[in-house]
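What follows is one structure encoded as structure tokens, with my remarks underneath.
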Amino acid sequence: MTLADAERRLPASARWRRAVSNGRVSAVLILLPPALILFTMFVTLPLGESAWYSFFNWNGYGTPSNFVGFGNYERILNHSVFHIAVGNTLKIVAISLLVQMPLALFLALLIYKKTPTNAVFRLVFFLPYILAEVAAGLIWSFVFDGNYGVTASIAQSFGLGNVFILSDPDLAFMAIMTVIVWKYFGFHMMIYIAALQSVPQDQIEAARIEGASRWQVVRYVQIPHIRPAIAVSAFFAIIGALQVFDVIIPLTNGGPSNQTHTIVTYLYTFGLTRLNIGFGSAVGVILFIGAVTVAVFYQRIFMKRAEA
Amino acid sequence: MTRNILRVTLLLIVASFVLAPMIATILGGFKTNAEIRTNALGLPAMWNTEFYGQIITDPAFWRYLRNSLIISVGSVVLTLIVGAAAAYVFAQIRFFGSRMLFSYILLGLMFPFATAILPLFIKVRDIGLLDTWWAVILPQTAFSLSLAILLFRTFFAQLPKELFEAAYIDGCGYVRFFWRFTLPLSAPILATVGVFVFVQSWNNFLLPLVVLNSREVFTWPLGMMQFRGEYVTQWNLTLAFVTLTIVPAIVFFLAAQKYIVAGLTGGAVKG
């Protein structure tokens, strides 16, 4: 019988007296409040305030008084740039799921075994992920620079004129998606590698002995085994797409002519830099709803399947 | 055999795509601007070190790094102390409402930072913290707490119960047990969370961008963007600046690899 069990048999009043005398009450009162206060003050309160501010037309000074109801939401949903931002965010989701994740899985299958060469490749592929997004954005804005960049050098050597990829409305977002794949595929690959290493070796061998081809082993043994890891990486890809900001600022800053905004750069540009606090807060609320929807869907669909 | 050659060739192609932009950046810092125009990717004709020298001798560069370091270390220390203390209560002591409070903290895992960025700006401004290190440290810590407390609680709950009971019979109270035993025994998880928070803080851009306005308190990502704006026609200087910030990051990664990868897979719990 442990101490806790013994205590549970005492009547409530005696339990409380014991809790006070053995320091449990003071432990709760000393150790818990700092976290609760910080969290409430800088996470939950701002979130509630976002919802509150979103009903006002407010520049951030004084108290919000110009109540506009759902006016901000209406303006956002009718704003063509917001449509572009949402479309771009969805494009990032699509490219993550259809290009980045298959690429990461393919590479993970090539290098998941623990050998020295594989370790080197793993390290190299993971490098972009550890760079700051802003640094990655700057590096690639150099690569794509029409006068100085790497693509310019290549275009010149083929006798083509200068190409200004980042100021071309059609090409700029393709360039951004290239950077995103470059930056994040290593992260997804690492998730798959960890999962692949835990696939029981005897199952793979058994399949081999039964005459399964390499592809069949991948398709019917390894991939089913790492399905939870794939679900996790899909979740990260989607949640990540909702938050893309840092990379865009050095690359295009949302331009040319607002063609490369994502939801967060839209929030920043039209909410904060113009001090439309109410408007920007409404964008924040929409983003919040999006993120929670993704999280709930993820838990409903994938968690259940993973348990089954 | 041929299969393996094919495999390695493929991997080398991907590796060169991954490394080329970084190598071009590092080499670019040695080239004159005119050379970059004609030779963006290759080795420099002459290895000029003056551009790197110009950055290293710029006091602003070191100030940016110092600000980033202070903010990151501050966030790590605060997250570890505040987060571990709360997680200890959640792991050790059951009381009325403790489960509810734990779920409340976990709410923070659900949504991205950006959703609350405008009210955060207003709040930080109204408290009078705008343009201070605290303006970044406090919100950043608050947003790291959910994941930190989740990971800590799981770890603390796995520590042997007998240890606490023995200490308790010897007259050791809850708070003292936390300092004397729980924290020292939890070094691995503290390191994992610490590295995770540090890297996030070191690379953070949106929050500092919103709450820091004067160059005196700029973190290095802000300083780098500022620098880029000032020397917009001189790529070699910008590239030297970028190199001097990414090389330490890579070295740090190689040194703390174990914890970073653990922190990331730990971060995968976030689902």
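For segment B:23-53, enumerate the residues that are more than 7 Å from every other protein chain (Cβ to nearest Cβ), closer than 20 Å to A:Trp182 by Cα and in contact with a Ser or Thr (Cβ under 7 Å, 6 or more places away or on another chain).
Across segment B:23-53, the qualifying residue is only B:Ile26.
Condition first: surrounded by fewer than 21 Cβ atoms within 10 Å (Cβ to Cβ) and β-branched (Val, Ile, Thr). Now tell me which residues in segment B:216-245 satisfy that.
Result: B:Val232, B:Thr233.
Any idea how many residues of segment A:31-67 are at negative phi and surrounded by fewer than 18 Cβ atoms within 10 Å (Cβ to Cβ)?
Number of matching residues: 18.
Name the single residue, out of those in segment A:134-166 being in contact with a Lys or Arg (Cβ under 7 Å, 6 or more places away or on another chain) and at the interface with another protein chain (Cβ under 7 Å from one of its Cβ atoms), that is surrounded by the most Cβ atoms within 10 Å (Cβ to Cβ).
Going residue by residue through segment A:134-166, those that are in contact with a Lys or Arg (Cβ under 7 Å, 6 or more places away or on another chain) are A:136, A:138, A:147-148.
Of the ones still in play, those that are also at the interface with another protein chain (Cβ under 7 Å from one of its Cβ atoms) are A:138, A:147-148.
Numbers: A:Leu138: 28, A:Asn147: 12, A:Tyr148: 24.
Ranking the candidates gives A:Leu138 first.
What residue, among those in segment A:267-308 that are among the polar types (S, T, N, Q) and in a helix (DSSP H, G or I), is modelled with the lowest pLDDT?
So the residue we want is A:Gln299.
Would you be able to say whether some residue in segment B:104-111 is without any contact (Cβ under 8 Å) to a residue 60 or more places away in the chain, of a type in the set (Ser, Thr, Tyr), surrounded by 22 or more Cβ atoms within 10 Å (Cβ to Cβ) and assigned by TED's automatic domain parsing to the domain that holds B:Leu206?
no
Pairs only if they're at least six apart or on different chains, beta carbon under 8 angstrom, first in segment B:155-181 and at the interface with another protein chain (Cβ under 10 Å from one of its Cβ atoms) and farther than 13 Å from B:Ala84 by Cα, second among the charged types (D, E, K, R) and assigned to a helix (DSSP H, G or I); list them, first residue then second.
Final answer for the pair search is B:Cys172/B:Arg180; B:Tyr174/A:Arg24.
Checking B:Met1 against (1) in contact (Cβ under 8 Å) with a residue 24 or more places away in the chain; (2) exposed (fewer than 14 other Cβ atoms within 10 Å of the Cβ), only one condition comes out false. Which one?
Exception for B:Met1: condition (1).
So is B:Ala20 more than 10 Å from chain A (Cβ to nearest Cβ), among the small types (Gly, Ala, Ser), on the phi < 0 side of the Ramachandran plot and out of contact with any Phe, Trp or Tyr (no Cβ under 8 Å at 6 or more places or on another chain) or not? Talk me through it step by step, then tell me what you get.
On the way: more than 10 Å from chain A (Cβ to nearest Cβ): no; among the small types (Gly, Ala, Ser): yes; on the phi < 0 side of the Ramachandran plot: yes; out of contact with any Phe, Trp or Tyr (no Cβ under 8 Å at 6 or more places or on another chain): yes.
When the stated conditions are applied, B:Ala20 does not pass them.
Could we say that A:Pro128 is exposed (fewer than 15 other Cβ atoms within 10 Å of the Cβ) and within 18 Å of B:Leu254 (Cα to Cα) here?
It is false that A:Pro128 is exposed (fewer than 15 other Cβ atoms within 10 Å of the Cβ) and within 18 Å of B:Leu254 (Cα to Cα).
Among the residues of segment B:190-199, is there at least one that is over 30 Å from B:Arg63 (Cα atoms), touching a Ser or Thr at 6+ places or on another chain (Cβ under 9 Å), assigned by TED's automatic domain parsing to the domain that holds B:Ala256 and among the aliphatic types (A, V, I, L, M)?
Within segment B:190-199 (the criterion being over 30 Å from B:Arg63 (Cα atoms), touching a Ser or Thr at 6+ places or on another chain (Cβ under 9 Å), assigned by TED's automatic domain parsing to the domain that holds B:Ala256 and among the aliphatic types (A, V, I, L, M)), the answer is no, since none of the residues qualifies.
Given segment A:168-233, what helices (runs of 4 or more DSSP H) lie entirely inside it while holding 2 or more residues that are over 27 Å from the mean Cα position of the chain (by Cα)? Reasoning before the result, please.
On the way: elements: A:169-196, A:201-209, A:214-217.
Of the helices (runs of 4 or more DSSP H) lying wholly inside segment A:168-233, those with at least 2 residues that are over 27 Å from the mean Cα position of the chain (by Cα) span A:201-209, A:214-217.
Residue by residue, here is whether (1) of a type in the set (Val, Ile, Thr); (2) in a helix (DSSP H, G or I); (3) over 19 Å from A:Tyr268 (Cβ atoms); (4) at pLDDT below 95 holds:
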{"position": "A:Ser50", "(1), (2), (3), (4)": "no, yes, no, yes"}
{"position": "A:Asn59", "(1), (2), (3), (4)": "no, no, no, yes"}
{"position": "A:His83", "(1), (2), (3), (4)": "no, yes, no, no"}
{"position": "A:Ala94", "(1), (2), (3), (4)": "no, yes, yes, no"}
{"position": "A:Pro102", "(1), (2), (3), (4)": "no, yes, yes, no"}
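The values are calculated or read from the model by the stated rules, or taken from the named source; none is laboratory data. Everything quoted here is computed from the prediction, not taken from an experiment. Every residue, glycine among them, receives a Cβ derived from its backbone with ideal geometry; neighbour counts consider all protein chains shown.
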